[in-house]
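Report on the structure given below.
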Amino acid sequence: MAQAKRTAKYKIKKNDMVMVVSGRDRGKTGKVMRVLRERGRVVIERLNMVKRHSKARGAASPGGIVDKEAPLDISNVMIFCERCNAPVRVGIKAADDGSKSRVCRRCGEAIGND
Ligand SMILES: [Zn+2]
């Protein structure tokens with residue numbers, strides 16, 4: 001029962017284009033690098049950057065301050081439809097062969113490549 005929440009399914013997947021709809025980076029778009037399903041968070045390329053102070057670990061990692069993406073709450077991002085040029089809601093469409101795909105609720109365009 002509690003399990004269902006932890007394994008909740010999100011319509012956002014890795015490599016999707018999304019727009020941040022609230023918070024500091026509102027209005028920015030980026031590509032999803034990771035979905036932290038169990039925490040309900042997503043990491044978006046070059047968005048929600050934070051400074052990380054890291055220790056030197058030999059020549060390969062000299063340490064210092066590095067910029068790193070921090071996870072955003074998944075409810076603060078929406079799928080960005082390039083055809084609509086807007087953040088949109090996503091619907092699920094079943095094909096004749098039973099396979100399901102995600103589509104833009106506004107224009108019907110397929111989202112992602114699943
Ligand atoms: Zn669309």
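The values are calculated or read from the model by the stated rules, or taken from the named source; none is laboratory data. No experiment lies behind these values; they were computed from the predicted model shown. Every residue, glycine among them, receives a Cβ derived from its backbone with ideal geometry; neighbour counts consider all protein chains shown. Just so you know, the surface numbers come from the protein's heavy atoms only, side chains and all, with ligands and any DNA or RNA stripped out. Shrake-Rupley method; radii C 1.70, N 1.55, O 1.52, S 1.80 Å.
Share of the chain's accessible area from carbon and sulfur, percent, 1.4 Å? Carbon-and-sulfur percentage of accessible area, whole number: 49. In this entry, the chain is assigned a mean projected area of 10.0 nm², taken as a quarter of its C-alpha convex hull surface. Probing with 1.4 Å while keeping every protein chain in the model, the per residue accessible area of the chain equals 70 Å². Between S22, S54, S75, the Gaussian network model of the chain with springs among Cα atoms under 10 angstrom shows the greatest mean-square fluctuation at S54. Note on the chain: GNM, Cα springs under 10 Å; of V18, V77, V103, the largest mean-square fluctuation is that of V103. For the residue pairs K11/K51; K13/K93; K28/K100; K11/K93, alpha carbon separations beyond 19 Å are given by K11/K51; K28/K100. For the pair N15 and V50, a Förster radius of 25 Å applied to the C-beta separation gives a FRET efficiency near 0.65, rounded to the nearest 0.05. For C107, the shell of other residues with beta-carbons less than 15 Å away shows a net charge of +4, using +1 for Lys and Arg and -1 for Asp and Glu. Which residue fluctuates the most in the chain, going by a Gaussian network model with Cα springs under 10 Å, if the choices are R57, R39, R83? Comparing R57, R39, R83 in a Gaussian network model of the chain, the most mobile one is R57.
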